[in-house]
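Peer 1: The structure under discussion is supplied below as structure tokens; questions concerning it will follow.
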Ligand SMILES: [Zn+2]
């Protein structure tokens, strides 16, 4: 399920049981916090797709906005996350470093988040679209 380019880096927590039941997506961070893993269903094929993000060392001291869920969080929680496209090319964007975007949309909005008129359902739809658009445009 993980791409060949990511496969040797994957650490699966013991509390994740297979087969996976994935609604929207599933993400977890490795204990060091350096890598975050993302699993979702590829809409085109209906098959699982999984990839790895690496957190870049953050030099920003100001709160940042997650590109996917629009949560505004301290630089410790939103960071520039990169993914390999090929062995020599990586792409990156600012994301919640643990990809807890769905939880931020549904359960844990912050007063610092961007004020928006979308409700939680619309934000969840937008979140899923942003994730799939990123993968389709930048990764596949
Ligand atoms: Zn987010």
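Peer 1: Any residue that is within 13 Å of the ligand (Cβ to nearest atom), closer than 28 Å to residue 121 by Cα and in contact with a strand residue (DSSP E or B) (Cβ under 6 Å, 6 or more places away or on another chain) - is there at least one of those in segment 40-56?
Peer 2: yes
Peer 1: Now for a different question. Checking the structure you have, find out if any residue of segment 56-71 is touching a helix residue (DSSP H, G or I) at 6+ places or on another chain (Cβ under 9 Å) and under 20 Å from residue 1 (Cα atoms). Working first, answer last.
Peer 2: Applying the first criterion (touching a helix residue (DSSP H, G or I) at 6+ places or on another chain (Cβ under 9 Å)) to segment 56-71 yields 66-71.
Within this subset, residues satisfying the condition of being under 20 Å from residue 1 (Cα atoms) are none.
No: zero hits.
Peer 1: Continuing with the same structure: Residue under question is residue 79, and the condition is that it be surrounded by 17 or more Cβ atoms within 10 Å (Cβ to Cβ) and either touching a helix residue (DSSP H, G or I) at 6+ places or on another chain (Cβ under 7 Å) or farther than 17 Å from residue 37 by Cβ (or both); does it hold? Even if it seems obvious, please write down each step before you answer.
Peer 2: Working: surrounded by 17 or more Cβ atoms within 10 Å (Cβ to Cβ): yes; either touching a helix residue (DSSP H, G or I) at 6+ places or on another chain (Cβ under 7 Å) or farther than 17 Å from residue 37 by Cβ (or both): no.
For residue 79, the condition - surrounded by 17 or more Cβ atoms within 10 Å (Cβ to Cβ) and either touching a helix residue (DSSP H, G or I) at 6+ places or on another chain (Cβ under 7 Å) or farther than 17 Å from residue 37 by Cβ (or both) - is not met.
Peer 1: For segment 99-115, what are the residues that are modelled with pLDDT of 90 or more and farther than 14 Å from residue 68 by Cα?
Peer 2: Of everything in segment 99-115, just one residue is modelled with pLDDT of 90 or more and farther than 14 Å from residue 68 by Cα, namely 107.
Peer 1: Could you tell me which residue of segment 57-67 is surrounded by the most Cβ atoms within 10 Å (Cβ to Cβ), considering only residues that are more than 23 Å from residue 86 (Cβ to Cβ) and in contact with a strand residue (DSSP E or B) (Cβ under 6 Å, 6 or more places away or on another chain)? Steps first, please.
Peer 2: Filtering segment 57-67 down to residues more than 23 Å from residue 86 (Cβ to Cβ) leaves 58-66.
Subset that is in contact with a strand residue (DSSP E or B) (Cβ under 6 Å, 6 or more places away or on another chain): 58, 63-66.
Values: 58: 16, 63: 15, 64: 21, 65: 17, 66: 27.
Among those residues, the one meeting the criterion is 66.
Peer 1: Identify the single condition in (1) closer than 25 Å to residue 1 by Cβ; (2) away from the ligand (no atom under 13 Å from the Cβ) that residue 81 does not satisfy, given that it satisfies every other one.
Peer 2: (2)
Peer 1: Within segment 4-19, track down each residue that is touching a strand residue (DSSP E or B) at 6+ places or on another chain (Cβ under 6 Å), within 22 Å of residue 101 (Cα to Cα) and assigned to a loop (DSSP other than H, G, I, E, B).
Peer 2: Listed by number, the residues that qualify are 10, 13.
Peer 1: Output the residues belonging to segment 114-129 that are within 16 Å of the ligand (Cβ to nearest atom) and in a helix (DSSP H, G or I). Walk me through it before giving the result.
Peer 2: We begin by selecting, within segment 114-129, every residue within 16 Å of the ligand (Cβ to nearest atom); these are 114, 116, 118, 120, 122-129.
Correct list: 120, 122, 123, 124, 125, 126, 127, 128, 129.
Peer 1: In the list 72, 91, 62, which residue meets the criterion of being more than 9 Å from the ligand (Cβ to nearest atom), touching a residue at least 12 places away in the same chain (Cβ under 8 Å) and within 20 Å of residue 39 (Cβ to Cβ)?
Peer 2: When all the criteria are applied, what remains is 91.
The values are calculated or read from the model by the stated rules, or taken from the named source; none is laboratory data. Treat the numbers as computed from the prediction; the structure is a model and nothing was measured. So basically every Cβ, Gly included, is an ideal-geometry build from the backbone, and we count neighbours across all protein chains shown.
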